[in-house]
Amino acid sequence: MNSNILRKTLLAISVTTLLIPATSTIINTPIENVSHASELELTKDEFQNRWDKYNKGNPLDLPQEYLSRIKDTTEYPYQSVGSIFIKGKTVATASVVGKNKIITNFHVAREAAKDPSKVLFRPGMTKEELGGEVKLPYGVFEAESIKEAPFGEGVDLAVITLKPNGEGKNIGDIVKPLEFGNGDAIDPNQSLKLIGYPYNTVQDTMHKHKIEVYSTNRGLEYFGYTEAGNSGSPILDDDNNIVGMHVGKAGIKDRGDILTGIRFDGNFMKFLKKEIQ
């Protein structure tokens, strides 16, 4: 794909400094957005209170509504989310979106240095209890190829093609790929869910995170609790359709910290669907 076409179609609103989970590396990433942009009106104190609701204290003490372990990762949509392991580098989250395609963040995929042999995807991986045995209900898939920045490095999304497993089956034959929702319909103050693998507090365990949308002016900005390992986590609506992808954390001048992601609006989806066919 000609990345110049995408840049002309997507409007770069701002450049946000993101902390890359599991690597402690800083990159500058333009958050892209073109339509239905709005922002919640909050005072500085109200903004901080919303952030503190999720991020003050021990995350294990958060209400189940805010952060909860997925007990059955073979159910949809959880079966379509997995842990992505870049050998010797990092772990993060990825989503099944096609017959043999997964998506994650560019800043995750680039750790493989364009070597697919370094990438392993483990759909539905989890532990039944803290400290328990790791469960791999669908096994492990190796990568065939990596498009680490199909839309340019300013869009923090990578597309990875997986090899069939040892039985000759594609990932999309074993789990149901996530369906895409309407990213244009996301509004400030809306609650969404983020599915992934927080790494600091609990390892190798899939969790559901509640997030509250703050703004759609710069991709997606939202309140919630995430950790290293949540990079690439799908953001789902109430119908379990994917409407975005988690990227990391940023700072807003005169406000404070905020979580950031990519919003899958209609214009962006025109390009993404071509990449995952």
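The values are calculated or read from the model by the stated rules, or taken from the named source; none is laboratory data. Please read all numbers here as calculations on a predicted model, not as lab measurements. Heads up, the Cβs are rebuilt from the backbone with ideal geometry, glycines too, and the neighbour counts pull from every protein chain shown.
Some points to look at:
- Subset of the range 216-236 (residues that are crowded, with 19+ Cβ neighbours inside 10 Å, more than 12 Å from the chain's Cα centre (by Cα) and polar (S, T, N, Q)): T216
- Tallying residues that are within 17 Å of the chain's Cα centre (by Cα) and either surrounded by fewer than 22 Cβ atoms within 10 Å (Cβ to Cβ) or over 21 Å from Y225 (Cα atoms) (or both) within the range 79-89 yields 4.
- Residues (touching a Phe, Trp or Tyr at 6+ places or on another chain (Cβ under 6 Å), closer than 18 Å to Y78 by Cβ and in a strand (DSSP E or B)) located in the range 103-150: F121, P123, F141
- The single residue among D187, D254, D239 that is outside the structural domain of E111 (by TED's automatic domain parsing), without any contact (Cβ under 8 Å) to a residue 60 or more places away in the chain, outside any strand (DSSP E or B) and over 15 Å from the mean Cα position of the chain (by Cα) turns out to be D239.
- For the range 41-57, taking the residues that are polar (S, T, N, Q) and touching a residue at least 60 places away in the same chain (Cβ under 8 Å), the one that is surrounded by the most Cβ atoms within 10 Å (Cβ to Cβ) is identified as N55.
- For the range 217-231, a residue qualifies if it is in a loop (DSSP other than H, G, I, E, B) and either free of Cβ contacts under 8 Å to residues at least 40 places away in the same chain or touching a Pro at 6+ places or on another chain (Cβ under 7 Å) (or both), and the qualifying residues are Y225, T226, E227, A228, G229, N230, S231.
- Restricted to the range 45-63, and to residues there that are at pLDDT 95 or above and hydrophobic (A, V, I, L, M, F, W, C), the residue that is nearest to the chain's Cα centre (by Cα) is W51.
- Residue check: P63 meets all listed conditions (1) of a type outside the set (S, T, Y); (2) in the same structural domain as D254 (by TED's automatic domain parsing); (3) in a loop (DSSP other than H, G, I, E, B); (4) touching a residue at least 40 places away in the same chain (Cβ under 8 Å) but one, namely (4).
- The residue of the range 257-277 that is nearest to the chain's Cα centre (by Cα), among those that are part of a loop (DSSP other than H, G, I, E, B) and of a type outside the set (A, V, I, L, M, F, W, C), is D265.
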